[in-house]
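Below: one structure, written as structure tokens.
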Amino acid sequence: MGLLSKLFGGNKPKRQAAKIDRLPTGSFTVDPRGKILTSTLPQSFPEVVVKDIGDAVLNSFSEAREANLPVAEMQFHFGGLKITAREQRSGAMIFLAPVR
């Protein structure tokens, strides 16, 4: 057993496993002013990022309306996330999922 122990790290210090943060999966809703109303995202996902995504989506829907483009849903990929947004009378519903 001594030989196997030496070969497979018997007395060597163990390496720390790299911590990998997983991309979130979930959804959230925002009101027309960008206030987050509900969320199924993990609490570890930064609220400031959720707010920024919500503001960008609302701004995109607003610009589409101003350009007379009938957009009810949009989908885009950003930083490994697939973001799907649906416009609602009371704001927007936004879904996040990792790109596969």
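Computed values, structure above
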quantity	calculated
Count of residues meeting criterion [closer than 13 Å to A85 by Cβ and charged (D, E, K, R)] in region 18-51	0
First in region 69-96 and closer than 20 Å to L37 by Cα, second anywhere and part of a strand (DSSP E or B) and among the basic types (K, R), Cβ under 6 Å, 6 or more apart	E73/R86; M93/R86
Of residues in region 28-44 being in contact with a strand residue (DSSP E or B) (Cβ under 6 Å, 6 or more places away or on another chain) and assigned to a loop (DSSP other than H, G, I, E, B), the one surrounded by the most Cβ atoms within 10 Å (Cβ to Cβ)	L41
Sole residue being among the aliphatic types (A, V, I, L, M), at pLDDT below 95 and touching a helix residue (DSSP H, G or I) at 6+ places or on another chain (Cβ under 8 Å), chosen from V71, V50	V71
Of the criteria (1) of a type in the set (A, V, I, L, M); (2) at pLDDT below 95; (3) under 27 Å from the mean Cα position of the chain (by Cα), which one V30 fails	(2)
Subset tally (residues that are surrounded by 10 or more Cβ atoms within 10 Å (Cβ to Cβ), modelled with pLDDT under 90, small (G, A, S) and not in a loop (DSSP other than H, G, I, E, B)) for region 1-27	1
Qualifying residue in region 79-99 (condition: acidic (D, E) and more than 13 Å from F28 (Cα to Cα))	no
Complete set of residues in region 74-98 that are modelled with pLDDT under 95 and of a type in the set (F, W, Y)	F76, F78
Region 45-76: number of residues that are outside any helix (DSSP H, G or I), over 19 Å from V99 (Cα atoms) and of a type in the set (S, T, N, Q)	1
All positions within region 59-87 that are more than 14 Å from L23 (Cβ to Cβ), out of contact with any Asp or Glu (no Cβ under 9 Å at 6 or more places or on another chain) and surrounded by 14 or more Cβ atoms within 10 Å (Cβ to Cβ)	S60
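The values are calculated or read from the model by the stated rules, or taken from the named source; none is laboratory data. What you see is a predicted model; the values in this text were computed from it and never measured. As a convention, Cβ positions derive from the backbone with ideal geometry for all residues, glycine included, and neighbour counts pool all protein chains shown.
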